[in-house]
Structure formats: C-alpha cells, structure tokens
C-alpha cells in the first residue's frame with residue numbers, strides 16, 4: 001500500500017478519530033506498536049517517539065519503548081529488505097551521549113539497558129551514539145538504519161540528504177505500507193512546481209519490500 005499526503009486538520013474536522021494513515025492502519029491490522037521510518041538511498045532513520053512536544057520526549061522515553069523500536073526495526077529489515085543481520089545504530093538523547101551523566105542520565109538509565117537486551121537477542125545494535133557525529137558514518141554506509149529518540153533528531157539529517165525523494169515507511173505492520181515524506185502542500189497546487197519524486201520513490205520502495213517478503 002502506497003498512500004498519498006493527508007491533511008490531518010481536515011480529517012480531524014471531519015470527525016475521523018485517527019490523526020493519520022499510520023494509526024488507522026495499525027488499528028485495522030490489530031497492531032499495538034508501529035515504528036515510523038523515513039528512508040532514502042543513503043540514510044534510513046527510525047523514531048522511538050514521533051509527533052509530540054520536545055519537552056515531553058524525556059518523560060515518554062523508556063527502556064521498553066527503545067527496545068521495542070529496535071526489535072521492530074530489526075525484524076522489518078530482515079523481512080522486507082533482505083538483510084540477514086541489520087546494523088542498527090542507536091542514538092543518545094543528550095549531547096555527547098550524556099558525557100558520563102553531566103548532560104543527563106537517560107543514556108545509562110534507559111537507552112543502554114535497551115541496547116544490551118537487544119544484543120542478548122542477537123540483534124546487531126550499537127550505541128548510544130552521539131547524534132552530532134553518527135550521521136556522517138551512517139550516510140557513508142556504516143549502518144543500515146539509525147534508531148532516533150525523537151522526531152527532529154532523525155528527520156533533519158534525513159531531509160538534508162533526501163528532501164525530494166524521502167519515503168515514509170510504517171514498520172511493524174503485517175503489510176507493506178509506504179508514503180510520501182511531505183504534506184499536502186496546497187500552496188503549490190496548480191503551480192507546476194510540486195515534485196513527484198517522493199511518490200515515485202515510495203512506489204519503488206514498496207515494490208522492493210514486497211519482493212523481499
């Protein structure tokens with residue numbers, strides 16, 4: 001399934017109880033936990049938390065949520081991308097990975113236990129890596145995916161590299177679902193300036209994922 005952009009305000013006003021396609025599909029498929037992945041040829045990022053205020057991220061992070069995101073990402077890359085042992089880089093929340101607790105303790109308290117648990121299950125997860133340096137190596141091919149703690153931590157580098165051809169992929173569903181990595185852009189309608197590249201990339205990625213199932 002490849003979905004086009006959706007206006008969340010419009011469906012909310014229409015009385016739809018779901019904020020978007022992802023939540024609707026998760027409910028229809030009977031899935032409690034899904035992972036939002038934004039992907040391009042050079043970089044793929046998977047988010048532990050998505051659309052919420054930055055101030056809420058530390059409160060909503062947990063070892064269980066980080067571990068669940070790692071697990072879903074690992075399973076999806078094996079199933080849909082044909083990788084026997086995906087290389088997953090798990091980011092820190094704080095600058096310099098907390099600098100030994102000087103800049104926060106979420107790394108040692110929440111993220112390290114999740115990585116350790118994943119590794120005992122045979123998942124090739126490493127970290128927590130400092131976000132200010134890790135993306136350089138990920139974009140160069142050192143990792144198959146980056147597990148990010150919050151929305152902008154992953155989407156800023158992703159859109160820097162893949163602004164026009166990024167793909168939104170929902171991991172954790174029993175079906176293939178991709179979408180464009182942009183909104184409805186009503187301001188561009190009829191102007192001849194809108195790009196079709198993200199939709200073309202979404203169709204291509206869905207085809208690749210389906211072939212690997």
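What follows draws every value from the coordinates through simple rules; no lab data is involved. A quick note: this is a predicted structure, and the numbers were derived from the prediction, not measured. Cβ sites come from the backbone with ideal geometry, for glycine too, and all protein chains shown count toward neighbours.
Computed quantities for the displayed model
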quantity: Residue 133-residue 14 pseudo-label distance in nm [points 7 Å out on the Cα-to-Cβ vector]; calculated: 4.9
quantity: Convex hull volume per residue in cubic angstrom - Cα atoms of the stretch 153-213; calculated: 106
quantity: FRET efficiency estimate (nearest 0.05) - Cβ-Cβ, residue 63 to residue 1, R0 25 angstrom; calculated: 0.20
quantity: Distance in nm between pseudo-label sites at residue 27 and residue 213 (7 Å out along the Cβ direction from Cα); calculated: 2.3
quantity: Distribution of pairwise C-alpha distances over the stretch 95-135, 10 Å bins, in %; calculated: 31, 49, 20, 0
quantity: Ranked list, fewest to most other Cβ atoms within 10 Å of each Cβ, for 152, 181; calculated: 152, 181
quantity: Equivalent-ellipsoid semi-axes of the stretch 83-160, from the Cα gyration tensor, Å, largest first; calculated: 19, 18, 9
quantity: The stretch 94-213 - Rg over Rh from alpha carbon coordinates, Kirkwood radius; calculated: 1.04
quantity: Mean Cα-pair separation over length for the stretch 1-95, i.e. relative contact order, pairs under 8 Å, 6 or more apart, %; calculated: 15
quantity: Calculated Cα extents along the principal axes in Å (choose from (i) 92, 39, 25; (ii) 53, 38, 35; (iii) 69, 41, 20), label; calculated: (ii)
quantity: Sorted peptide list for 190-196, 41-47, 4-10, criterion being average Cβ within 10 angstrom, highest first; calculated: 41-47, 4-10, 190-196
quantity: Rg and Dmax of the stretch 118-158, Cα atoms only, in Å; calculated: 10.9, 31
quantity: Per-residue Cβ neighbour rank within 10 angstrom, fewest leading, 209, 149, 1; calculated: 1, 209, 149
